[in-house]
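Data block below; observations after.
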Amino acid sequence: MVSIQLPDGSKREFPGPVTVAEVAASIGTGLAKAALAGRVGQGDSARLVDTSFRIEHDTPLAIVTDKDPDGLDVIRHSTAHLLAYAVKELFPEAQVTIGPTIDNGFYYDFAYKRPFTPEDLQAIEKKMAELAKKDERVERKVLPRDEAVSYFKSLGEHYKAEIIASIPAGEDVSLYSEGGFTDLCRGPHVPSTGKLKHFKLMKVAGAYWRGDHRNEQLQRIYGTAWATKEELQQYLHMLEEAEKRDHRKLGRELDLFHIDDHAPGVVFWHPNGWTLWQQVEQYMRAVYRDNGYQEVKGPQIIDRSLWEKTGHWDKYRDNMFTTESEKRDYALKPMNCPGHILIYNQGIKSYRDLPLRYGEFGQCHRNEPSGGLHGIMRVRGFTQDDGHIFCTEDQILDECVAFTGLLQKVYADFGFTDIIYKVATRPEARIGSDEVWDKAEQALMESLRATGSEFTIAPGDGAFYGPKIEYTLKDALGRHWQCGTIQVDFSMPQRLGAEYVTESGERRAPVMLHRAIVGSLERFIGILIEQHAGALPVWLAPKQVVVLNITDAQADYAADVAKTLQKQGVRAAVDLRNEKITYKIREHSMQKVPYLLVVGDKEKAAGAVAVRARGNQDLGVMPLDAFSQRLIEDIARKV
């Protein structure tokens, strides 16, 4: 007898070995049709299997359908294979390589004699739909490694043969076949191609074989796949919106910044963009000041010996920009933490000095691959709102509680209220006692509970020196951006000789909390631009008001209105050009200026302004003082 325990706690008994598909059928025909895979076992030991998998021993089992997150991954993985199947049908000389799932979809890399065109993509997608409609069975078989190598060589699939040859000798490999196409894969896959209905090919890009630029270049076809037509349409609509909001496009249109080949991966900020930058930086500077942080500034370039002590030289060397002077090696700092410890180490610290909070708008450089650079979201030179808290073990909880509450307020002020919280716990390879890890992990979790924040656990994802919280923003399009973090570090202070004198006169290394709220200011500003589609809140907008005259007769009055607002701290400009008022209104509306003030003879005589708010809202004529009061309230409330 084989006993199957289902997720609802019920059990089903079978006289002998049984497949996942047979278990689903015993529950109901609806579930049998919907079954995509099975999840055998429970907890960390659970694994996904095909519906054809034979269960020979008592075990928990969940039937995976398209309503299960694992089901969506199976659909995408199987659609990647369907893509390869279609390419081989249309272009028999193409060689297949690898085709994994990625966020929101999948890709597959191909070697082919010419570039694939947009017309090719349309033809491939059409062929995929035809093959899916055939509803061909997807079957798994296992071959010894060497036999599998010979099989793919016989097909002329040299890339597949090379992948399999890298597997240890004597091991078996699994192959999946559908119709006339066979591919190497661990699986699982959908039981038949008819399960694959809602997909779209997105683009073609270049990719190096095995990710090494020294190897030949392949063609990577990206696609997306979803469980329902509605989900696919929603995703495609989101992509359309994301294209409209692309910070690179808006950066050009709003004259905020540009990236230049003379300095790849580094931002050239224009006056409008630098004004926006300053609003973010000055806001965060006030956050530091009001929450007990002392602002510091470390050097840009530091001797190699420091990076060796911290371990960065061995583990991070390829991502560091280095130089040499007078036979000494130096590196541009990729992070600020070692410098903060050197500042801490100046002078004797007592337990009474702790917690000691340092903050820095620290400019860092990392040698990111050119292919990974993306506007101001992924750059080589960036500035972090970096902070480090030196504290005792007993102070970890209070500091984490305070930080989480502070982070939530900052995000809300910038327009983000949907935050995802994740606690990454101890990895197998770590330093420090279990007692200290227990205290640190509990402090991080309790800090989230204290602020009413639900969180998930990422087992084993903590750093070797301590656990961390990752704070992820969810933007207006539902995209996730991991920005904030707080990490508990027992290691680096000890490595660099940081100490404090305890109440009993002993010397002890402090705990170091690495924390950031917005993270990279460049990246965060890119997120802000896309979140607000360039229509930044009044308090952040580079120009908050533009005053427009109708004729030259109001030029002096328009200039006086702008000066009056400027004296009140408003970022106001005046447009006195001899252009039609409709032209000027349209131009500044395209620049997404929050308020346009139009002044003609009547407004001049009354000391008033005609107010137009962003979004073509006509707020009518009002005294300048009344408008000024409204604007200042908007700025203060960060609307």
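The values are calculated or read from the model by the stated rules, or taken from the named source; none is laboratory data. This is a predicted model, so every value here is computed, not measured. Cβ atoms come from the backbone with ideal geometry, glycine included; neighbour counts cover every protein chain shown. Remember, those area values only see protein heavy atoms, side chains included, never the ligands or the DNA or RNA. Shrake-Rupley method; radii C 1.70, N 1.55, O 1.52, S 1.80 Å.
By the gyration tensor of its Cα atoms, with a ≥ b ≥ c the square roots of the eigenvalues, what is the shape of region 15-70: rounded for a/c under 1.5, prolate for a/b over b/c, or oblate? Before the final figure, lay out each step's value.
Values: a/c = 1.99, a/b = 1.05, b/c = 1.90.
Verdict is oblate for region 15-70.
Share of the chain's accessible area from carbon and sulfur, percent, 1.4 Å?
On the way: 14910 of 31020 Å².
C and S fraction of accessible area: 48 percent.
With all protein chains kept in place, the per residue accessible area of region 258-373 amounts to 54 square angstrom at a probe of 1.4 angstrom.
Per the Debye formula on identical point scatterers at the alpha carbon atoms of region 361-416, with no solvent, log10 I(q)/I(0) at q = 0.12, 0.17, 0.18 Å⁻¹ is -0.49, -0.81, -0.84.
Can you tell me the dipole magnitude for region 318-420 around its Cα centre, using point charges on the Cβ only (Lys, Arg +1; Asp, Glu -1), in Debye to the nearest 20?
Details: 10 positive and 15 negative charges, 55 e Å.
About 260 debye.
Sequence-distant contacts, meaning Cα pairs under 8 Å at least 6 residues apart, place the relative contact order of region 461-601 at 19 percent. Extension gain, Q617-F14: 0.36 nm per intervening residue step, less the Cα-Cα distance, totals 210.1 nm. Within the shell defined by Cβ-Cβ distances under 15 Å, the residues around D66 carry a net charge of +2, with Lys and Arg each +1 and Asp and Glu each -1. Listed by chain and number, the aspartates and glutamates whose C-alpha is less than 14 Å from the C-alpha of K439, apart from same-chain residues fewer than 8 away, are E393, D394, D398, E399, D489. The heavy atoms of S628 offer some 10 square angstrom of accessible surface to a 1.4 angstrom probe. Averaged per residue, region 424-539 has 39 square angstrom of accessible surface, using a 1.4 angstrom probe with ligands and nucleic acids left out. Considering helices alone, the calculated mean residue ellipticity of the chain at 222 nm is -11000 deg cm²/dmol, with DSSP H runs of length four and up weighted by -39500 (n - 2.57) and normalised per residue. Seen from Q494, the other residues with C-beta closer than 12 Å to its C-beta sum to a net charge of +2, counting Lys and Arg as +1 and Asp and Glu as -1. With a cut-off of 9 Å between beta carbons, the residues surrounding P594 carry a summed charge of +2, where Lys and Arg count +1 and Asp and Glu -1.
Pulled fully out, how much extra length does the chain show between D552 and Y583, if you take 0.36 nm times their separation in residues and subtract their Cα-Cα distance?
Details: separation 31, 0.36 × 31 = 11.16 nm, distance 1.56 nm.
Gain on extension, D552 to Y583, equals 9.6 nm.
In this Cβ point-charge picture (+1 for Lys and Arg, -1 for Asp and Glu), the chain has a dipole of about 1140 debye about its Cα centre.
Along the Cα-to-Cβ line of V501, 7 Å from the Cα, sits a label point; which residues in region 326-368 have backbone N less than 19 Å from it? Flagged as within label range: 344-356. Against the chain, whose longest principal axis comes from its Cα atoms, helix 118-133 is set at around 50 degrees.
Taking 0.36 nm per residue of separation and subtracting the Cα-Cα distance, what length does fully extending D394 through Q282 add? Intermediate values should be presented prior to the final figure.
Details: separation 112, 0.36 × 112 = 40.32 nm, distance 3.21 nm.
Fully extending the segment from D394 to Q282 adds 37.1 nm.
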